[in-house]
Amino acid sequence: MTAMVDVDGVHKVYDGGFQALRGVDLRIEEGEILALLGPNGAGKTTLISTICGLVTPSSGTIRVGGHDVETDFRQARSLIGLVPQEVALEPFEKVMNTVRFSRGLFGKRRDDAAMEDLLRRLSLWDKRNEPVRALSGGMKRRVLIAKALSHDPKVLFLDEPTAGVDVELRRDMWDIVADLKARGTTIILTTHYIEEAEEIADRVGVINRGRILLVEDKKSLMTRMGRKELRVELDAPIVDLPDTLKGRGLRIEEDGRVLVHEYDTKAERSGIAHLMRDVATAGLIVRDVETSKSSLEDIFVDLVHEQEGTA
């Protein structure tokens, strides 16, 4: 099956020698949501810009819907909607005119019914005759999305779409994304709010220093790399582990009041029952026990630190 977005061996070297992208390979399938995670300066925005044809790659090829973004730019770009980080809108223009203008830039005929449907889906219909400068920051973000969707693209890039948006509007944004996915739109988003990627993405890509560290199904990634942690709160603090508990991989935290044990979620036996028995045998009184599983953020941080440690 042909990928909706196919990035093959892409490098980008800017004047001065800075390498923003280093041999990036990436395939994005039709109708999926891919969350692209990475620290500041990792290459996320450069990668999006090259796919959208805003930045010319130094080498490699990029195809969108089978169209090369360099040799068949017009066809490739017509399939793409881009919501940039920066809110760059004409402040005195009305919302409806702003969105219509973007549609016209792609050679699409005026379609008032389509514009009404789009603005209603984004809760902008009541604001259609308002000047952009009169809108809140969250509403301006919605206008950016409306502009990006005005020409009915097959692929939507969201570059930090909820930056500066309050919690309620952020939740509304992800409802919009879920609706777009249901309509078959392919969505690629970058976000600093990793919990959002954990909630809505189908696959997760991690990029750092211009290299893709991995692209994997979110659930399988968290199963493969996730860890579980058992935290045992003691009734009284300890300074050292009793001899019977040494060699069990335990560590002492919170001034001796908590024992922490990490275990493999894929192992046939966790060993927790034996551990708790040994804790009791050692004469330690347990006040509370809790378990937690590593989040996508934990996995992301570990991957980035691992790469930086081997650089």
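Filter the range 51-80 down to the residues that are hydroxyl-bearing (Ser, Thr, Tyr) and either part of a strand (DSSP E or B) or not assigned by TED's automatic domain parsing to the domain that holds Gly107 (or both) and list them by number.
Ser59, Thr61
Just checking, which of Ile51, Ile33, Ile62 is touching a Lys or Arg at 6+ places or on another chain (Cβ under 7 Å), under 30 Å from Ala182 (Cβ atoms) and buried (at least 22 other Cβ atoms within 10 Å of the Cβ)?
On inspection, the qualifying residue turns out to be Ile33.
Limited to the range 141-169, what total is found for residues that are farther than 22 Å from Arg77 by Cβ and either surrounded by fewer than 19 Cβ atoms within 10 Å (Cβ to Cβ) or in contact with a strand residue (DSSP E or B) (Cβ under 7 Å, 6 or more places away or on another chain) (or both)?
6
Here is a yes/no grid of residues against (1) among the aliphatic types (A, V, I, L, M); (2) more than 24 Å from the chain's Cα centre (by Cα); (3) under 24 Å from Ser49 (Cα atoms):
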site: Glu70; (1), (2), (3): no, yes, yes
site: Pro84; (1), (2), (3): no, no, yes
site: Arg100; (1), (2), (3): no, yes, yes
site: Trp125; (1), (2), (3): no, yes, no
site: Arg128; (1), (2), (3): no, yes, no
site: Val132; (1), (2), (3): yes, yes, no
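Name the one entry in Glu229, Glu196 that is over 18 Å from Val5 (Cβ atoms), assigned to a helix (DSSP H, G or I) and at pLDDT below 80.
Every option except Glu196 fails the conditions.
Can you tell me how many residues within the range 199-220 are more than 23 Å from Leu180 (Cβ to Cβ) and part of a helix (DSSP H, G or I)?
Summing the residues that are more than 23 Å from Leu180 (Cβ to Cβ) and part of a helix (DSSP H, G or I) in the range 199-220 gives 1.
Identify all residues within the range 78-101 that are of a type in the set (Val, Ile, Thr) and surrounded by fewer than 17 Cβ atoms within 10 Å (Cβ to Cβ); write none if there are none.
Residues of the range 78-101 that are of a type in the set (Val, Ile, Thr), as a first pass: 80, 83, 87, 95, 98-99.
The answer is Val87, and nothing else.
Being more than 30 Å from Ile212 (Cβ to Cβ), surrounded by 12 or more Cβ atoms within 10 Å (Cβ to Cβ), at pLDDT below 85 and over 37 Å from the mean Cα position of the chain (by Cα) is true for just one of Leu275, Leu245. Which residue is that? Give the steps one after another, and end with the answer.
Numbers: Leu245 fails: at pLDDT below 85.
Being more than 30 Å from Ile212 (Cβ to Cβ), surrounded by 12 or more Cβ atoms within 10 Å (Cβ to Cβ), at pLDDT below 85 and over 37 Å from the mean Cα position of the chain (by Cα) holds for just one of Leu275, Leu245, which is Leu275.
Counting only residues that are touching a helix residue (DSSP H, G or I) at 6+ places or on another chain (Cβ under 7 Å) and assigned to a strand (DSSP E or B), which one in the range 21-50 is modelled with the lowest pLDDT?
Looking at residues that are touching a helix residue (DSSP H, G or I) at 6+ places or on another chain (Cβ under 7 Å) and assigned to a strand (DSSP E or B), I get Leu37.
Where residues in the range 91-136 are assigned to a helix (DSSP H, G or I) and hydroxyl-bearing (Ser, Thr, Tyr), which of them is nearest to Phe73 (Cα to Cα)?
Here the answer is Ser102.
The values are calculated or read from the model by the stated rules, or taken from the named source; none is laboratory data. Note that the structure is a prediction, hence the values are computed from the model and not measured. Here Cβ is always computed from backbone atoms with ideal geometry, including for glycine, and neighbour counts include all displayed protein chains.
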